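Below: one structure, written as structure tokens.
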Amino acid sequence: MSFKAAAVQMCSGVDPARNVETMVSLVREAASEGAVYIQTPEMTGAIQRDRTGLRSVLKEEAGDLVVREAARLAGELGVYLHVGSTPIALPDGKVANRGFLFGPDGKKICDYDKIHMFDVDLDNGESWRESAVYRPGATARMVDLPFGKLGFAICYDVRFPELFRQQAMAGAEIMSVPAAFTRQTGEAHWEILLRARAIENGLFVIAAAQAGQHEDGRETFGHSMIVDPWGKVLAKAGLAGEAVLIAEIDVAAVSGARARIPNLKNARDFVLDQVVPAGKGGVAA
């Protein structure tokens, strides 16, 4: 019931080949420290704001360098390697923000397409429209691994607690949240959101992040993190720079936390009654 997990922090650029070299080096380091589950960040293969530039380096899944090398590396090291996500070209001209999990035999176990698109205007002038490039996923995914049940989320998904709750209710014991959080939103919400999702669902959260100043001009928040079901931060990286976080995951802590605060069992269905006071178009009861 206990295993070593790793969250790999990167600062991916625009060249997939260079990013893969970094990924391979950091994954090897994690495996050498005994990690059997290793997670890389969102957009491991390329961070590129320019849409034309991004599409020029993209491949469909069968020809993608990140996918190929991650499968080979998982088999070589005998680990569960989770590419948090990488951009994958789709036949319709859109792009999938797709995560991949490979097993110790080097075969793909499953993939997951990010469901919620980061379409926001921040007060520092940053504006993001992921839906202009990416096709949102429509299927949540959970996999039963030898050491526990793993659920999937990517970055902005963390702001949608129902995705986590449904997977927790289905038995998830570990949630993955690979990310490329902006610095502004990360400073305000990153740790709070990760710890909240862990606490309210009584599960581990593993979040490998992008960190630092990227070639395309954006800055990401870093602070990759591993959180236990009671909300304790087991490991945390810094604001910038590559890092490998290792934590011992005792899955028995999930049942312990859920026994102490059995909110999953105590959940009840309810209806929402929206009252409009008299004088505002309503009628007094």
Legend entry - Relative contact order computed over the chain (Cα-Cα under 8 Å; 6+ residues apart), in percent: 20
Inset, instruction - Quick one: compute the contact order of region 21-138, relative version, from alpha carbon pairs under 8 angstrom and 6+ residues apart, as a percent. - result: 22
Inset, instruction - Indicate the gyration tensor shape class of region 211-275 (rounded, prolate or oblate), computed on the Cα atoms with a ≥ b ≥ c the square roots of the eigenvalues: a/c under 1.5 is rounded; otherwise a/b larger than b/c is prolate and the rest oblate. - result: oblate
Legend entry - Kirkwood Rh, angstrom, region 27-167 [1 / mean 1/r, Cα pairs]: 15.9
Inset, instruction - Only Cα pairs under 8 Å and at least 6 apart count here; give the relative contact order of region 181-284 as a rounded whole percent. - result: 21
Inset, instruction - Report, in debye and to the nearest 20, how large the dipole of region 94-149 comes out about its Cα centre when Lys and Arg carry +1 and Asp and Glu carry -1 on their Cβ. - result: 380
Legend entry - Answer label, with P(r) over Cα pairs in 10 Å bins from 0, in percent calculated from the coordinates and candidates (i) 5, 19, 24, 24, 18, 8, 2, 0, 0; (ii) 7, 30, 35, 18, 7, 3, 1, 0; (iii) 7, 29, 38, 22, 4, 0: (ii)
Inset, instruction - Report, in deg cm²/dmol and to the nearest 500, the calculated mean residue ellipticity at 222 nm for the chain, where each DSSP H run with n ≥ 4 adds -39500 (n - 2.57) and the sum is divided by the residue count. - result: -7000 deg cm²/dmol
Inset, instruction - Let me know the number of lysine pairs in the chain closer than 17 Å at the Cα, not counting same-chain pairs under 8 apart. - result: 6
Legend entry - Three-way shape call for region 94-182 based on the alpha-carbon gyration tensor, with the a/c threshold at 1.5: prolate
Inset, instruction - Work out, step by step, the length gained on full extension between MET1 and VAL275: first 0.36 nm times the residue separation, then minus their alpha carbon distance; give nm to one decimal. - result: 93.7 nm
Inset, instruction - Have a look at the DSSP beta bridges in the chain and tell me what percent are antiparallel, nearest 5. - result: 70
Legend entry - Exposure rank, largest accessible area first [LEU58, LEU73; 1.4 Å]: LEU58, LEU73
Legend entry - Shape category assigned to region 130-255 from the gyration tensor of Cα positions, a/c cut at 1.5: oblate
Inset, instruction - Would you tally the net charge around ILE246, using a Cβ to Cβ cut-off of less than 15 Å, leaving ILE246 out, and scoring K and R as +1, D and E as -1? - result: -3
Inset, instruction - Note down the magnitude of the dipole of region 101-185 about its Cα centre, charges +1 on Lys and Arg C-beta and -1 on Asp and Glu C-beta and zero elsewhere, to the nearest 20 debye. - result: 220
Legend entry - Positive-end residue, the chain charge dipole about Cα centroid, Cβ charges, pick of ASN201, HIS189, VAL276: VAL276
Inset, instruction - For region 120-245, give the magnitude of the charge dipole about the Cα centre (Cβ charges: +1 Lys/Arg, -1 Asp/Glu; no others), in debye to the nearest 20. - result: 360
Legend entry - Sequence of LYS280, LYS114, LYS107 when ordered by accessible area, the most exposed leading, probe 1.4 angstrom: LYS280, LYS107, LYS114
Legend entry - 10 °C / 1.306 mPa s Stokes-Einstein diffusion coefficient of region 1-46, Kirkwood radius on C-alpha pairs, µm²/s: 145
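The values are calculated or read from the model by the stated rules, or taken from the named source; none is laboratory data. Quick caveat, the model's predicted, so the values are computed rather than measured. Ideal geometry is used to build each Cβ from the backbone, glycine not excepted, and the neighbour counts take in all protein chains shown. Heavy atoms of the whole protein, side chains included, go into the accessibility calculation; ligands, DNA and RNA do not. Shrake-Rupley method; radii C 1.70, N 1.55, O 1.52, S 1.80 Å.
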